[in-house]
Amino acid sequence: MAQPHVLILGAPGAGKGTQSAKISEEFDVEHVTTGDALRANKEMDISDMDTEYDTPGEYMDQGELVPDEVVNAIVDEALSQADGYVLDGYPRNLEQAEELEGMTDLDVVLYLDVSEEELVDRLTGRRVCSECGANYHVEYDQPEEEGVCDECGGELIQRDDDTEETVKERLRVYRENTEPVVDHYEDQGVLERIDGEQAPDEVWEDVKHTIETVA
Ligand code: AMP
């Protein structure tokens, strides 16, 4: 198989980041994630784009989508440099999905299916390593030493947008903007639905098998 072009869809907290890291390693493809790219550029000056706020961070901290113009440019640049990739966090609305169709061909579209109740629980309890980005959970996936990353010893923090209020807004934005993207790929008959409520290893078995079968 040539290096696959994988799109991974799912609500915030569905496990896209965790599964994408595994896909990237197993299939030797680039992990292209708009969330991480934007977090690294939260203070970027976008005031010349005639947008409501002057930086991506102002949208992110409120759980709103960063303007398409900013995000499309990030993805276009990243995909043009990758042979194979797993794309995570994009497209988040139908306009972005249309834009993506002009940039690349997809081999497989995965959808991690997780109920809303479970998502709220996962997101508000999530802690991430400030150094390497590894994910933990205050109840279900604790590090050996509280507040310290098992992988690299970095400090574990709560993302600014993982507070209960912002999580609710992110899920509302997801339902309104991104669920139509899921329906769009389903209508095209290319959506591979995966039960995202299984244990991470079981989800991974399904993800790996699906890519090997479909891509
Ligand atoms: P994530 O890490 O994927 O949950 O993304 C965190 C935040 O980054 C989102 O709540 C949005 O504010 C912003 N973001 C990430 N990807 C996109 C996208 N494709 N379009 C617009 N905003 C995005």
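The values are calculated or read from the model by the stated rules, or taken from the named source; none is laboratory data. This structure is a prediction, so every number in the text was calculated from the model and none was measured. A quick note on method: Cβ atoms are made from the backbone with ideal geometry, for glycine too, and the neighbour counts reach across all protein chains shown. We work out accessible area using only protein heavy atoms, side chains counted, and drop any ligands, DNA or RNA first. Shrake-Rupley method; radii C 1.70, N 1.55, O 1.52, S 1.80 Å.
Just a few scattered comments:
- All positions within region 137-156 that are under 20 Å from the mean Cα position of the chain (by Cα) and open to solvent by less than 70 Å² (accessible area, probe 1.4 Å): His137, Leu156
- Among residues that are surrounded by 12 or more Cβ atoms within 10 Å (Cβ to Cβ), under 21 Å from Leu87 (Cα atoms) and without any contact (Cβ under 8 Å) to a residue 12 or more places away in the chain, Glu212 is not included.
- Among residues of region 186-208, those that are over 17 Å from the mean Cα position of the chain (by Cα) and closer than 28 Å to Asp121 by Cα, counted: 8
- The residue that is farthest from Val109 (Cα to Cα), among those in region 36-48 that are surrounded by fewer than 18 Cβ atoms within 10 Å (Cβ to Cβ) and within 13 Å of the ligand (Cβ to nearest atom), is Met44.
- Filtered residues of region 187-209 (kept if without any contact (Cβ under 8 Å) to a residue 40 or more places away in the chain and either open to solvent by 80 Å² or more (accessible area, probe 1.4 Å) or touching a helix residue (DSSP H, G or I) at 6+ places or on another chain (Cβ under 9 Å) (or both)): Asp187, Gln188, Gln198, Asp201, Glu202, Glu205, His209
- The one condition from (1) in contact (Cβ under 8 Å) with a residue 60 or more places away in the chain; (2) in contact with a Leu (Cβ under 6 Å, 6 or more places away or on another chain); (3) open to solvent by less than 40 Å² (accessible area, probe 1.4 Å) that Val108 does not meet is (2).
- Restricting Ser20, Ser24 to those that are open to solvent by 10 Å² or more (accessible area, probe 1.4 Å) and either more than 11 Å from the ligand (Cβ to nearest atom) or modelled with pLDDT of 95 or more (or both) reduces the list to Ser24.
- When Val32, Val6, Val86 are checked against the criterion of being within 12 Å of the ligand (Cβ to nearest atom) and either on the phi < 0 side of the Ramachandran plot or acidic (Asp, Glu) (or both), a single residue qualifies: Val32.
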